[in-house]
Amino acid sequence: MSHSDNFFEEVYKNADKDNLVSIPWANLVANVHLVSYLNVKDDMTYGRALVIGCGLGDDADALAKMGYEVDAIDISQTAINMAKERFPTASIDFRVEDIFKLPEFMFGVYDFVFESRTIQSLDPKFRDELIKTISDLVAKDGELLLHANIQDDHENYGGPPWPLYRRELSGFEKHGLKVHQKNEAMITKPVAPYDAVVHYKKQL
Ligand SMILES: C[S@@+](CC[C@H](N)C(=O)[O-])C[C@H]1O[C@@H](n2cnc3c(N)ncnc32)[C@H](O)[C@@H]1O
């Protein structure tokens, strides 16, 4: 059994192709926090980037336009097909991968990893494993930008999606990632009380 039970593939497969924003998380523009990060990035180095759970590809496209060489992965074949069709760019390698079964060659090689709302969409019992996997993908001196809905440690919003607990944001630190900057905002949707963006840097 797959960790996500084909749920995501079904959502993409059954989506109205003339109205892709009907996919609950899709808005057909790059993630606003990623765009802000790229706008204020203070060095001009654009190495290898990875987008986890890339969906329809807008975040990968934003990174490629900045000059990164991008790998963008998703478990859904349909999402990957649509992303390739929307962004037929040589500098993006869109491919089907299961985050739980990534090939060894992907680990420790990315200068920049972007993860937005994939962790919370998977059963919380996999959380420690996911936090370790995502941390291990980042190269020495590389960076992770994490966007997630979060809740306080005493709360229980249930799911799916299952908001991260505040304490879980520091789980990445066990794997060499140090918090460089953290922002959070209150949100109005019933998914979670806060929207968090954490910028980590790897310091081994
Ligand atoms: C809630 S959506 C978020 C999409 C996008 N990152 C965003 O923030 O809009 C979660 C994405 O993760 C993908 N996904 C789910 N399980 C996955 C897995 N095991 N490996 C890779 N991608 C997965 C889904 O297909 C979906 O595109």
Quiz item: Say we join alpha carbon atoms closer than 10 Å with springs in a Gaussian network model of the chain; which of Leu20, Leu50, Leu144 then has the biggest fluctuation?
Solution: Leu20
Self-check item: Backbone HN-Hα couplings from phi across segment 190-204 [Karplus 6.51/-1.76/1.60, Hz, Gly and Pro as x]
Solution: x, 5, 6, x, 9, 10, 10, 10, 10, 9, 10, 10, 7, 9, 9
Quiz item: Sequence-distant or interchain residues sharing an amide H contact under 5 Å with Tyr194, placed H: which?
Solution: Ile150, Ile187
Practice problem: Could you compute the FRET efficiency for Asp152 and His199, with r as their C-beta to C-beta distance and R0 at 30 Å, rounded to 0.05? | Solution: 0.90
Quiz item: Which value, in nm² and rounded to one decimal, describes the direction-averaged projected area of the C-alpha convex hull of segment 86-131?
Solution: 4.5
Quiz prompt | Computed label-point distance, nm, for sites Lys17 and Gln77 using a 7 Å Cα→Cβ extension | solution = 1.6
Exercise. For segment 7-202, calculate the relative contact order in percent as a whole number, restricting contacts to Cα pairs under 8 Å that are 6 or more residues apart.
Key: 16
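Which of rounded, prolate or oblate describes segment 108-202 when judged by the alpha-carbon gyration tensor and an a/c cut-off of 1.5? Walk me through the intermediate numbers first.
Numbers: a/c = 2.10, a/b = 1.64, b/c = 1.27.
The shape class here is prolate.
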Practice problem: Using only the alpha-carbon atoms of segment 1-71, report the extent along each of the three principal axes, biggest first, to the nearest angstrom. | Solution: 41, 29, 16
Quiz prompt | Links that overshoot a 27 Å alpha carbon limit, given the list Lys125/Lys202; Lys13/Lys182; Lys17/Lys41 | solution = Lys13/Lys182; Lys17/Lys41
Quiz item: Which FRET efficiency, nearest 0.05, do Lys174 and Asn27 yield, Cβ-Cβ r, R0 35 Å?
Solution: 0.60
Practice problem: Determine the percent antiparallel among the DSSP beta bridges restricted to segment 108-204, to the nearest 5. | Solution: 70
Quiz item: What Kirkwood hydrodynamic radius do you get for the chain when you take the inverse of the mean 1/r over all pairs of distinct Cα atoms, in Å?
Solution: 17.2
Quiz item: Relative to the Cα centre, what is the charge dipole magnitude of segment 7-202, using +1 at the beta carbon of each Lys and Arg, -1 at the beta carbon of each Asp and Glu, and rounding to the nearest 20 debye?
Solution: 220
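Each value in this text was obtained by applying a stated rule to the coordinates, not by laboratory testing. In this text the structure is predicted, and so the values were computed from the model without any measurement. FYI the Cβ positions are ideal-geometry reconstructions off the backbone, even for glycines, and counts take in every protein chain you see.
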